[in-house]
Every structure is written in C-alpha cells, then in structure tokens.
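See structure below.
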Amino acid sequence: MAQHFVHPPNWTWYIVSYFFLAGLAGGSYVLATILRLWGSQRDEAVIRLGYLIPLPLCVLCAIFLTIDLGRPLAFWHMLINTTPGNGGLNFKYWSPMSVGVWALSIFGLFSLLAFFEGLGRLRPMPSAVTIVGSFFGLFLAGYTGVLLSVSNQPLWSDTYALGGLFLASGLSGSAALLAWLGHYVNGDPSTEARLGAADGYFAILELLFILAFFVTVAMAGTIGRTLSGIWVVLWILVLASLIPAIRGAFARTTISGGGTAALAQTAIVMPIIVLIGVFLMRIVVVFSAQF
Amino acid sequence: MADQVGFFTDTSVCIGCKACEVACKEWNGLAGDPPEFRDSFDNTGQLDAENWRHVKFIDLVPDAPTVVGNGQAWLLMSDICKHCEHASCMEVCPTNAIIKTEFDTVFIQPDVCNGCRNCISACPYAAIGFSKDTGVVHKCTFCYDRLQNDLTPACAKACPTQSIQFGKLDDLRTRADARVAALQAQGYSQAQLYGRDDKIYGGLHAFFLLMAKPEVYNLPNEQNAGLPRRNNRGGYLGALFAAAIGVIAGAVALRRGAQDSPNDRGAGEAEKK
Ligand code: SF4
Ligand code: SF4
C-alpha cells in the first residue's frame, strides 16, 4: 500500500481548464496535420480550422497558467533563472513543469504559423514544419498527465497511465471539436464522418488508459480515493461519454450517402458529449487526488 | 562550503511544550493560523506557510482500561522540513527558487518563487505551505539568517529537553547512534533512527529518533520514500505509446476513403500545385 502524507498543491479550475485546452490545442494541430498528410482535398476546410484553433487556445492556456500562480507577474521566472549570480535559462528535463513551459512556448510559435496559414495569409506549411509542430502538439497534450505523476500525491504518483490518458482524451476531444465546428465552416460530410471514426478509436484508447489507471491505483491501494462519493458518479459519466464515440468507430464501415447524413444529424450532440467527458475526466483526476 | 549542519530530533524526550513552535514564530515573524480546537492537544495541526515547526501529538491512549505503565499513551514529535539530501521539492521546482545553501540546507528564495506550488505536490512530508498574503510558498529556512551569524536556530535554542539538537551533521549522527543504542538496551525495541543514513532521500539533514515505526508518525517508510522523478520514465512511455497508437489510428481513420475520387490527392499536395 502506497503511503502518502503530502499536502495537496490546490490546483483547481485554472489548471483543469489548462489541461483541457492544452489537449485540444495539441490535438487539433495533430489532426489537421494528419488530414493534410493523408486526407483529401475535400478536408481543406477542416484542416484550416484545425490550424486556426491552437493559437487562441494556447493564449488561453498561458493566461490560465499565469493567473493560477501566486505571483502572476513572475511567470517568466519559469524560463529565466533569477537566482542572484545564477542567470541563464531554466530548463530541467526531469521536471515536467519546466519542460512543459518550454513546450507550450515552442508549440505557441508553431500555432502562430498555423494560425496564419488557417487565415489564408501563408502558403501551406511544409510537411516538415507540421510534423515537428505535431510532435510538440502531442507533447503538450500528454505531458500534463506526466506532470501530475511526477509528484508524491496519492493517485497521481501511483500510476503511469495519466500521460497516455490525457493524450488519448485530448485527441478524442479534438476530433469532436473539429467535427462540431466543421459544421460552421462548411466542412465536408466525409471529413466529419472520418473524424467521428477517428474519435471512436481515440475513445477506445482512452478507455484502455482509464482501465490502466484503475489497475495501477488499485495495486497501489489508493483506488478508494477516486471511487468514493461524487467521484464515482463522475467516472460513470466519463465512461458513458465514451460510448457514442466508440459506437461511431464501428458505424464508419456502413457510411454511404444516407448514413453520412444520419451521422451529420448526431454530429452536433456527440461532440458536445465527448468534450464534456474530456473535461469531466480531468476534473475527477485532478480533484479526487487532492480533496 | 561551510560545515554541513543538521537537527537531530530525539522524540523520546519531547514533552510537547511547543517552545520550538513559539520560538520559530517569534524569530521568523510568523503570525500562525487562527487557533483551532481539535480532538487533541495539538491545535497547530500541520506544517504550512505559518507553521515551520509542528509538534505532533500521536494519541495511543488505549480505549480499554489498563494497568499503570503498560505502554505509551502519547508519542510526541516536533516535526519540520527534513532538509532532504535529495529533495523532492527542489527536484520539481521550475524556477530554481529552491536551492542548497552553503550549509547544505534546503532554502526557498521567496523573490524567485512564483507560487506555482509544484513543490507542494512533491514534498512527501507536507512541509511546505502556500501563503495567499505573499503569493509564494514558505517552509523552515533552517534559520538561514542565524546560521550565517553563527547562531543556533531558534527552535533548538528554545527546546528545554534537548529533544531538538543542532550541530554538525557528523557529530549529531554519532550522538544519535549512542542514544538509540542506549534506548534499545533499556528495552525500547522499537526505538529507531529515521533519515540518519542515506536510505531515506539520501539522508535527512533534520533526522529523528522515533519510538515506533515511521508510519505511526505519518512519515513514509523506506519503500515509500521515492523521488517524484521516478515516474518520468513510465509516464512519458505511456504518453509515447498513446501518441504512436493515436497517430496510427488517426491516419487509418482519416485517410482519404473510397468515396474520394482516385485522383483526389492529399490536401497539401493539391494546394501546392
Ligand atoms: S522535507 Fe519537503 S520541503 Fe523539506 S527538503 Fe524535503 S522535500 Fe523539501
Ligand atoms: S511554488 Fe515556488 S518554490 Fe515551489 S516549485 Fe513553484 S516556484 Fe518553486
């Protein structure tokens, strides 16, 4: 049985929101890149959308992270060492918070380029750029879970699953977001259907990581903490939110004319359910360890 | 570098007077938290931004009546930041606000800290607290200012029973070895040193003589004294696995399908034409 005698860091809504938005920012960029590399020209509207989304979300991420600090004006101390006599940059590869601040900053630059492309102000970015940008996008979506694990908190430090879990759910939420907002930018129905299928695969991956999370914290003897009171209700809602997406994955093979139209009908509701599930999962993971 | 200094806290002689708590607050100008009545003599409750020493009262009074002298009723322990040799707080701090001083103690620089609270999530001893007033975190400084002026830290100076002993780390270790041997010879088989050697976080500069297992005092035992970075590898591998499967699954699901015309190329290629 793992022993924990720690104080909680009191990371609450700003941090949960950051984790949520970071997953969507990184995920949207990655999915747009996948569509660019392997999709068709009909996906172009959604690709532009996927490249427009990360920048505003990165800005929001930076705002949430900053206002969560006790001294928001000293946010830059994360990047530059202000210890007297020790100037220079702060970078600790073994501290995910330190790495993450750099990853967010660098991904912010890729998002800026992508944003201009999305606006039509830049020619399509070379594949090399989008692939490197996607690497940082994936990192941003996943490191937040690792950050929680690299601590001595109950639950968080008792599992290896959180990085993968946050990454999978970030991809799932991004597919849902693109499918949803795709409606408003005249996205092609076939893009939307394929995003629905992708969402299903991501939801299955997320489900596997949720199981891994439960198994690891059960082995550590701390599972009771996240399956008590209100938290168990939230977990049920999270699991329920995966069902429509997973069904979508198997519906894909039957898509044709009318099927696509039917999927389009549900495509407004389903993404919202997925996004709520993505947010709730972060709430239950972040809060149940601390309170 | 100056000599390594330490605290040896011998809990067997602590009487729970809290002189250490008071002296610490006096010297460091800590207001303390509003008093709270708990089911104990302990109305401090925890180490935090306002309490850098905390006398724990561990209630072992048996529920059933017993004969005189059969067992301990209370365990007392003046708790503090352990000034770990391998400090979890320092490991994760992204601003490098947490440093080792010339005395090899662990010190948080308040003007460098930005209040991210990552150290709080890492410290296995719950020794750090966040202050809304200052916006940064605080813990025992080992009376850094007193050390620089060759003075004994306030808590050790005030302790009337010498439960808290201050000195050079090597001297304290020798003293602690003798004391635990004496107690064991008197029949206190549970008497043990905690953090005296490098098995707990590379050695604690504030180490303890305990009269029961560490868990009884809410201290992690040897198997559970892990540094946060132990989870980097597993956490990133999990994320890498998810990323690989996610990209493959995404490519499979999002690749242009049968409904696209054979000439319908990848979007990027088409744009570039
Ligand atoms: S006890 Fe906690 S605050 Fe003190 S040095 Fe060790 S990890 Fe840091
Ligand atoms: S709260 Fe301050 S001391 Fe603690 S990890 Fe953050 S910057 Fe470092």
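Assorted remarks:
- Over the protein assembly as shown, the reciprocal of the mean inverse Cα-Cα separation, the Kirkwood hydrodynamic radius, stands at 25.7 Å.
- A straight Cα-to-Cα reach below 14 Å connects B:K56 with the aspartates and glutamates B:D10, B:E21, B:D39, B:D42, B:D48, B:D79, B:E215, residues fewer than 8 places away in its own chain not being considered.
- Couplings for the stretch B:236-251, taken from phi via the Karplus curve 6.51 cos²θ - 1.76 cosθ + 1.60 with θ = phi - 60°, read 6, 5, x, 5, 5, 4, 5, 5, 5, 5, x, 5, 5, 4, x, 5 Hz in order; Gly and Pro are left as x.
- For the listed peptides A:60-72, B:118-130, A:77-89, B:208-220, a ranking on the average number of other beta carbons within 10 Å per residue, highest first, reads B:118-130, B:208-220, A:60-72, A:77-89.
- Residue among B:A249, B:A182, B:A97 with the largest mean-square fluctuation in a Gaussian network model of chain B, springs linking Cα atoms under 10 Å: B:A249
- Whether the stretch A:85-223 is rounded, prolate or oblate, judged on the alpha carbon gyration tensor where a/c under 1.5 counts as rounded: oblate
- Loop sites in the stretch B:4-38: GluC sites (Glu not before Pro), DSSP, at most 10 other Cβ within 10 Å: B:E36
- Other residues lying with their Cβ under 12 Å from the Cβ of B:G246 contribute a combined charge of -2, Lys and Arg counting +1, Asp and Glu -1.
- Alpha-carbon gyration tensor eigenvalues x 5, square-rooted, for the stretch B:5-162, Å: 30, 18, 15
- The Cα-based radius of gyration of the stretch A:1-107, divided by its Kirkwood radius, gives an Rg/Rh of 1.10.
- Considering helices alone, the calculated mean residue ellipticity of the protein assembly as shown at 222 nm is -16500 deg cm²/dmol, with DSSP H runs of length four and up weighted by -39500 (n - 2.57) and normalised per residue.
- Backbone geometry of the stretch A:38-48 corresponds, through the Karplus equation with coefficients 6.51, -1.76 and 1.60 at θ = phi - 60°, to 3J(HN,Hα) couplings of 10, x, 10, 5, 5, 7, 4, 4, 6, 4, 4 Hz, x marking Gly and Pro.
- GNM on chain A, alpha-carbon springs under 10 angstrom: the most fluctuating residue among A:W76, A:W235, A:W156 is A:W76.
- Gyration tensor verdict on chain B (Cα atoms; rounded if a/c is under 1.5, prolate if a/b is larger than b/c, oblate otherwise): prolate
- Calculated diffusion of the stretch B:166-260, Stokes-Einstein form, Kirkwood radius summed over Cα pairs, 10 °C and 1.306 mPa s, µm²/s: 90 µm²/s
- Peptides ranked, highest mean first, by Cβ atoms within 10 Å: ranges B:84-92, A:117-125, B:53-61: B:84-92, B:53-61, A:117-125
- Percent of C-alpha pairs per 10 Å bin, chain A, short to long: 7, 28, 33, 22, 9, 2, 0
- For chain B, a Gaussian network of Cα nodes joined below 10 Å ranks B:P160, B:P34, B:P94 by mean-square fluctuation, and the top entry is B:P34.
Every number in this text was worked out from the coordinates using simple rules, so none of it is lab data. Because the structure is a prediction, the values reported are computed rather than measured. Cβ sites come from the backbone with ideal geometry, for glycine too, and all protein chains shown count toward neighbours.
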